[in-house]
């Protein structure tokens, strides 16, 4: 299963995104987060130390975690700011902590938190002026956190004038 | 020298490791005759004042924890509200810390921060990078104080030099990566000591499940 979290606020790249998503295989679900209520991660650590695997924030992200438990690939579609994901795109990754647990181990040469469920591959599809190299490396590092591999960072090229 | 310090951690101030680091750092600043004002972004009521201070002052430090290899989304959201041009020139510096120990864990975050000041009309005053801070919160107060104490000397140094672009600040990071034997030992310590400590700490929070509990079923 592949989960695509589309955090864009506008639809101007919808066709291009649909084409990319349709090439991801049969089992793909795209979730548009713009109308959803998703808080930033508060760093409270309750998902690791009080209610393992369950976020203390009761909002629409819980649905996303439940989906990720059955997924192998995670794509984040995001606008960019300062060359990186904007806060909406980064927010859905920061909230992924319940997918890991508190225990620490060395894994693939990195000190990491243990996976609560299974490995997850990570990719980014971005709009605007992203730093390609930074985003590529971020995908790689984020994937290491989740025990998976990077699916790479892909720039959206079409859309309207502001592309 | 007067410095605006912005705590970019989303965790409430009372439990913020970043705040404890800032308190120790600021003690060092004051020892060397500098003054500071502090804003915490975890409280959105402080955002307007933090933005005004950012715009009106010429020496700003943002302190932050690493969140998934880069800046926490809450800080990105705040940065999004800042003007990209400014009337008064300023230097922007960073204190970046992370739960994991080795220096190389923080380098992508540092790279993002290095490129940030120019995009906000500021010059870059360097980035103080250090890992191994997760357990500040889970340690006894006296042990937590021991962990944040080294930041006091860094505060004094910043007050004297006005930048983190110094050899001492670079050295503060510690090893980029542990040698393999140390990694082996640290691995054993994690397994036999640290993770068990986390389990006990969790029980103190009223946790009734094992830490690796699978809360949701895979229904795919």
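Values quoted throughout were computed directly from the atomic coordinates according to the rules given, and no laboratory measurement underlies them. Everything numeric in this text was worked out from a predicted model, so none of it was measured. Quick reminder, even Gly has a Cβ in these numbers, built from the backbone with ideal geometry, and neighbours come from all protein chains shown.
Summary of values
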{"quantity": "For segment A:1-118, share of DSSP beta bridges that run antiparallel, in % to the nearest 5", "calculated": "40"}
{"quantity": "Using alpha-carbon coordinates, inclination of helix B:180-189 to the longest axis of chain B, degrees", "calculated": "70"}
{"quantity": "Estimated inter-spin distance, residue B:192 and residue B:27, nm [label 7 Å along Cα→Cβ]", "calculated": "3.4"}
{"quantity": "Pair residue B:43, residue A:155: separation of 7 Å Cα→Cβ label points (nm)", "calculated": "4.3"}
{"quantity": "Kirkwood hydrodynamic radius of the protein assembly as shown, Cα pairs, Å", "calculated": "21.6"}
{"quantity": "Part-to-part distance (alpha-carbon centres) for segment A:1-49 and segment B:67-143, which is given in Å", "calculated": "26"}
{"quantity": "Per-selection metrics, segment A:30-163 (Cα): Rg and Dmax in Å", "calculated": "15.1, 48"}
{"quantity": "Separation between Cα centres of segment B:10-29 and segment B:154-187, rounded to whole Å", "calculated": "19"}
{"quantity": "Between segment B:191-220 and segment A:57-89, the alpha-carbon center distance in angstrom", "calculated": "24"}
{"quantity": "GNM top mover of A:78, A:34, A:150 - chain A, alpha-carbon springs below 10 Å", "calculated": "A:34"}
{"quantity": "DSSP-defined beta bridges in chain B - what % are antiparallel, rounded to 5", "calculated": "5"}
{"quantity": "Label-to-label distance, nm, for residues given as residue B:168 and residue B:51 (7 Å Cα→Cβ offset)", "calculated": "3.7"}
{"quantity": "Fraction of the pair-distance distribution of segment B:38-114 above 22 Å, Cα-Cα pairs, percent", "calculated": "26"}
{"quantity": "Exposure proxy order (Cβ contacts within 10 Å, fewest to most) of B:129, A:54, B:71", "calculated": "A:54, B:129, B:71"}
{"quantity": "Computed lengthening from residue B:86 to residue B:58, 0.36 nm per intervening residue step minus Cα-Cα distance", "calculated": "9.0 nm"}
